[in-house]
Amino acid sequence: MKWQGRRTSSNVEDRRARGGSRTVIGGGLGIGTIVIVIIIALMGGNPTDLLTGVLNQEQVPVGTYEGSAEEEELAQFVSVVLAETEDVWAALFEDAGLTYQNPKLVLYSGTVESACGVSGASTGPFYCPGDQKVYIDLSFFQELKTKFKAPGDFAIAYVVAHEIGHHVQYQLGITEEVFALKSRVSETEFNQYMVRLELQADYFAGVWAHYAQRAELLEPGDLEEALAAASAVGDDRIQKQAYGYVVPDSFTHGTSEQRSRWFRRGFSEGTIEDGDTFNASSLKILGLAA
């Protein structure tokens, strides 16, 4: 990806200081307000474990952090990708008569506290609707390269764009609609809604890549890097590697084929409207499709 010299985002919050940040918590739910807070991780953990509540937080930095030159370049790259997503989604929302609110992207090392609770690096990158922030431990990208065999800067860009896709869903009210179903359907059925939510985030990542290509930011091999990353974190591949078998009823993110296919579709279409994974006939499971 051609990223050097491009604008970095002002919405990056660096909490990599040794010891993290101390969070002062206060406040609570307003009258009549329902806030659905979920950790939607790219991989790892169970995204159906919900934490509810609102945290009014004051971040108090503790210590300083000095990363390697390679890590600092990676942090800058992530900031550029975030800036590019800001421009794309602001324009698309404006075309739809809406206003896009930029999320924050939090860089952390080791553990981090969010409105969704305390998370560690093993959680992987995740979006927390409770504070509308994306959380990333940069060490994950080394794991993406070595453990998941998905190297390349555009593989990293895909991960960032996927998490921003969850913010787009939150802005559009999709996240709240999905989680309102949790108490009304079985766990297996709800997992299928989670798959659709994740595949839509993959689609939205592809939409961003569509406009990155139009801006002539993509280099040869970039699309293949993103598709490889999407495929690498499919539920079937992760379960097969971890356990030697797969349990489709437990899928929450989609198969490798589904994840790469929906990213490619977003890349091809470049629209919000064509990303309706909830009514896609090719995903008809348990009668969920209209």
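Would you work out if segment 173-237 is rounded, prolate or oblate? Take a ≥ b ≥ c from the square roots of the eigenvalues of the alpha-carbon gyration tensor; rounded if a/c is under 1.5, else prolate when a/b is larger than b/c, oblate otherwise.
Taking the square roots of the gyration eigenvalues as a ≥ b ≥ c, segment 173-237 is oblate.
Going by a ≥ b ≥ c, the root eigenvalues of the Cα gyration tensor, does segment 225-275 fall in the rounded group (a/c under 1.5), the prolate group (a/b larger than b/c) or the oblate group?
Oblate is the answer for segment 225-275, as a/c is 1.5 or above yet b/c matches or exceeds a/b.
I need the peptides 143-153, 197-207 ranked by packing, meaning the mean over residues of other C-beta atoms within 10 angstrom, with the highest value on top.
197-207, 143-153
What are the ³J(HN,Hα) values, in whole Hz, obtained from phi via the Karplus relation 6.51 cos²θ - 1.76 cosθ + 1.60 with θ = phi - 60°, for each residue of segment 261-268 in sequence order, with x given for Gly and Pro?
For segment 261-268, the Karplus-derived couplings read 5, 6, 5, 4, 5, x, 5, 6 Hz, x marking Gly and Pro.
Using a cut-off of 11 Å between beta-carbons, work out the net charge of the residues near residue 160 (Lys and Arg +1, Asp and Glu -1, residue 160 not included).
Local net charge: -3.
Every read-out reported here was derived from the displayed coordinates using simple, explicitly stated rules and does not represent laboratory data. Quantities reported herein were computed from a predicted structural model and do not represent experimental measurements. For neighbour counting, all protein chains shown are included, and Cβ atoms are generated from backbone atoms with ideal geometry for every residue, glycine included.
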